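Peer 1: The following block contains the structure, expressed as structure tokens.
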Amino acid sequence: MTDTDISDILTSVKTIALVGASEKPSRASHDVMAYLLEQGYQVFPVNPILAGREILGQRVYADLAGIPVKVDMVDIFRRSEAVYDLTQEAIAIDAKVLWTQLGVVNEQAAVLAKNVGMKVVMDRCPKIEIRRLGLAK
């Protein structure tokens, strides 16, 4: 992925499912979710343990299929082993972008996603990329 590709993704995406969202402010997923909300994205936290509750004022969903609107991007804060199954879920909801956080890489999932036309960004953080590319609002 080039900087232009990442910039195009971050400026075209409007809705993000954040898988592995945490209600704990000390967790990276909480911090990134707060930042994405500040930047104007509509963020849907996904965490089966917290489903039905709220994180940062946003209702938490048990899985991607439960989100009631079209999701542009799936941002994954889970172990690399979980990414393949989550990619299948992302394909099922017709997400356009699969994004995995720093340290999260699953090449098999990347191939699966690319084969159906999804854009794939792995081992990066959108918060860091937004700032680095000068896209912050």
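The values are calculated or read from the model by the stated rules, or taken from the named source; none is laboratory data. Source: prediction; values computed, not measured. Please note: Cβ atoms are built from the backbone with ideal geometry, for glycine as well, and neighbour counts cover all protein chains shown. The area values use the complete protein model at the heavy-atom level, side chains included, leaving out ligands, DNA and RNA. Shrake-Rupley method; radii C 1.70, N 1.55, O 1.52, S 1.80 Å.
Peer 1: May I ask you to give the percent of accessible area on the chain that is carbon plus sulfur, with a probe radius of 1.4 Å?
Peer 2: For the chain, the apolar C and S fraction of the accessible surface comes to 49 percent.
Peer 1: Right, next: How large is the accessible surface of Ile128 in square angstrom, using a 1.4 angstrom probe and rounding to the nearest 10?
Peer 2: Approximately 80 Å² of Ile128 is accessible to the 1.4 Å probe.
Peer 1: Taking the Cα centre as origin and putting +1 on Lys and Arg beta-carbons and -1 on Asp and Glu beta-carbons, what dipole magnitude results for the chain, to the nearest 20 debye? Kindly include the intermediate steps, with their values, before the conclusion.
Peer 2: Values: 16 positive and 17 negative charges, 58 e Å.
Here the size comes out at about 280 debye.
Peer 1: I would also like to ask the following. Of all DSSP beta bridges in the chain, what percent run antiparallel (nearest 5)?
Peer 2: On the way: 2 of 19 bridges.
The antiparallel fraction comes to roughly 10 percent.
Peer 1: Moving on to the next point. Restricting to DSSP H runs of at least four residues, report the calculated mean residue ellipticity at 222 nm for the chain, -39500 (n - 2.57) per run over all residues, nearest 500 deg cm²/dmol.
Peer 2: Details: 5 runs with 47 residues, N = 137.
Mean residue ellipticity at 222 nm (helix-derived): -10000 deg cm²/dmol.
Peer 1: Mind checking the dipole of the stretch 18-71: about its Cα centre, +1 per Lys or Arg Cβ, -1 per Asp or Glu Cβ, Debye to the nearest 20?
Peer 2: Values: 5 positive and 5 negative charges, 17 e Å.
I would put it at about 80 debye.
Peer 1: Next up: Could you work out the relative contact order of the chain, using alpha carbon pairs under 8 angstrom and six or more residues apart, expressed as a whole percent?
Peer 2: Worked out over the chain, it gives 23 percent.
Peer 1: Residues with beta-carbon under 11 Å from that of Cys125, excluding Cys125: net charge, scoring Lys, Arg +1 and Asp, Glu -1? Each step should come with its number before you reach the end.
Peer 2: Numbers: positive: Arg124, Lys127, Arg131, Arg132; negative: Asp31, Asp75, Asp123, Glu129.
Neighbourhood net charge equals 0.
Peer 1: Continuing with this model, one more query. Which of Val121, Ala90, Pro25 sits farthest toward the positive end of the charge dipole of the chain, with +1 on the Cβ of Lys and Arg and -1 on the Cβ of Asp and Glu?
Peer 2: About the Cα centre, the residue reaching furthest to the positive side is Pro25.
Peer 1: Could you tell me how far the Cα centroid of the stretch 120-137 sits from the Cα centroid of the stretch 82-110, in Å?
Peer 2: Rounded to whole Å, the Cα centres lie 17 Å apart.
Peer 1: On the full set of protein chains, 1.4 Å probe, figure out the accessible area of Met118 and give it in Å² to the nearest 10.
Peer 2: Only protein atoms counted, so the area is about 10 Å².
Peer 1: Could you sort Phe44, Phe77 by their accessible area in this structure, using a 1.4 Å probe and putting the largest first?
Peer 2: Working: Phe44 20, Phe77 40 Å².
Solvent-accessible surface, decreasing: Phe77, Phe44.
Peer 1: With springs only between Cα atoms under 10 Å, which of Pro45, Pro126, Pro25 fluctuates most in a Gaussian network model of the chain?
Peer 2: Pro25
Peer 1: Can I ask one more? Give me the 1.4 Å probe accessible area per residue for the stretch 53-137, excluding ligands and nucleic acids, in Å². Walk me through the numbers on the way to the answer.
Peer 2: Details: 4490 Å² over 85 residues.
Normalised by residue count, the accessible surface of the stretch 53-137 is 53 Å².
Peer 1: Under 5 Å between amide H atoms, partner at least 5 residues away or on a different chain: which partners does Ala21 have, H built in plane at 1.01 Å?
Peer 2: Val46
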